[in-house]
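Accompanying notes for the structure given below.
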Amino acid sequence: VSPRRRLVAGNWKMNGSFAHLGAYMDALVQRLTGAEAACDVMICPPHPLVSLAVTATEACAERCQPIAVAGQDCHGQDQGAHTGDVAAGLLAELGAKAVIVGHSERRTDHGEDDATVAAKAAAAHRAGLTAIVCVGEALAVREAGDHEATVCAQLAASLPDGATPANTVVAYEPIWAIGTGRVAEVGDIAPMHQALRRTLEARLGAGAAALRLLYGGSVKPGNAAEIAAVDGVDGLLVGGASLKADDFDAILDAY
Ligand code: PEP
């Protein structure tokens, strides 16, 4: 059993609304009140909803375990002329505790490379946020058998100096399993997590042992328990299935 406290984070991507957030938080709080999940719980709504989500989580703080709120991206610089981008410091000011960086949809849609991701993670750290650094291979890379070398190199180049278990979480998300319904097999996940753990050790030394390594990619209520039980998986980053509170609740039950 992993010594690390598990984390289940829901990435809403570009979905949600004020009304959806209100109903969702009510359902999540009801689920967690008096029945604490055996993991840390985090939601990552679109940026315009971060403040509202923080307010909702604060309102229930006395009744239920903390529900952390995270952004889905931030800029690599602290402020400046970057129209449409979001500063990590502003997310922190709104009450976010973390921010996803390097999600494959950002890497693909916005051409973000590892150096950009590392700069974003460093900006998150400067702002006092936990950076959730995402890595993962395309299907062609896996079919060519290059996945471990590719993803480990991606991780090494996406981690900024100063990354620690306290300020960084890593999420392995094979691109071919994100939003596709195609789930990685236990036999795909476990060796990759072992390889990523070795990369973390090479980079961070003994401190790497406490850094959480999540899996993400088509996690659903029906497969969450099996994936959560994979050796070396310290939690789940859930996309589509995190949008319905009932499904997210069921996934929390994996721990
Ligand atoms: C994600 O967005 O990080 C993700 C894993 O998506 P999905 O669960 O929908 O595959």
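The values are calculated or read from the model by the stated rules, or taken from the named source; none is laboratory data. Just so we're clear, the structure is a prediction, and the values are computed from it rather than from any experiment. Every residue, glycine as well, gets a Cβ built from its backbone with ideal geometry; the counts of neighbours run over all protein chains shown.
Numbers for the structure displayed
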read-out: Of the criteria (1) modelled with pLDDT of 90 or more; (2) touching a Ser or Thr at 6+ places or on another chain (Cβ under 6 Å); (3) of a type outside the set (A, V, I, L, M), which one GLY22 fails; value: (2)
read-out: Residues of the range 189-203 classified as surrounded by 14 or more Cβ atoms within 10 Å (Cβ to Cβ), among the small types (Gly, Ala, Ser) and farther than 13 Å from VAL135 by Cα, total; value: 1
read-out: Search result, residues across the range 91-119 that are away from the ligand (no atom under 14 Å from the Cβ) and either touching a Ser or Thr at 6+ places or on another chain (Cβ under 6 Å) or charged (D, E, K, R) (or both); value: GLU93, LEU94, LYS97, GLU112, ASP113, ASP114, VAL117, ALA118
read-out: Residue pairs meeting the criteria (Cβ under 7 Å; at least 6 apart or on separate chains; first closer than 15 Å to ASP85 by Cα, in the range 106-119; second of a type in the set (A, V, I, L, M, F, W, C)); value: VAL117/VAL101; VAL117/VAL133
read-out: Filter result for CYS64 (on the phi < 0 side of the Ramachandran plot, in contact with a Ser or Thr (Cβ under 6 Å, 6 or more places away or on another chain) and surrounded by 14 or more Cβ atoms within 10 Å (Cβ to Cβ)); value: yes
read-out: Test set (1) away from the ligand (no atom under 16 Å from the Cβ); (2) among the aliphatic types (A, V, I, L, M); (3) within 30 Å of LEU32 (Cβ to Cβ); (4) touching a helix residue (DSSP H, G or I) at 6+ places or on another chain (Cβ under 9 Å) - ALA254 fails condition number; value: (1)
read-out: Spans of helices (runs of 4 or more DSSP H) in the range 90-192 with at least 2 residues of a type in the set (A, V, I, L, M, F, W, C); value: 114-126, 139-143, 147-158
read-out: Boolean, VAL50 is of a type in the set (Val, Ile, Thr), assigned to a strand (DSSP E or B) and under 17 Å from the mean Cα position of the chain (by Cα); value: no
read-out: In the range 240-251, the residues that are surrounded by fewer than 23 Cβ atoms within 10 Å (Cβ to Cβ) and near the ligand (Cβ under 8 Å from one of its atoms); value: GLY240, ALA241
read-out: Scan of the range 198-239 for residues that are out of contact with any Leu (no Cβ under 6 Å at 6 or more places or on another chain), without any contact (Cβ under 8 Å) to a residue 40 or more places away in the chain and within 14 Å of the ligand (Cβ to nearest atom), ordered by number; value: LYS220, PRO221, GLY222, ALA224
read-out: Pick from the range 167-188, criterion over 19 Å from VAL117 (Cβ atoms) and more than 12 Å from the ligand (Cβ to nearest atom), ranking: surrounded by the most Cβ atoms within 10 Å (Cβ to Cβ); value: ASP188
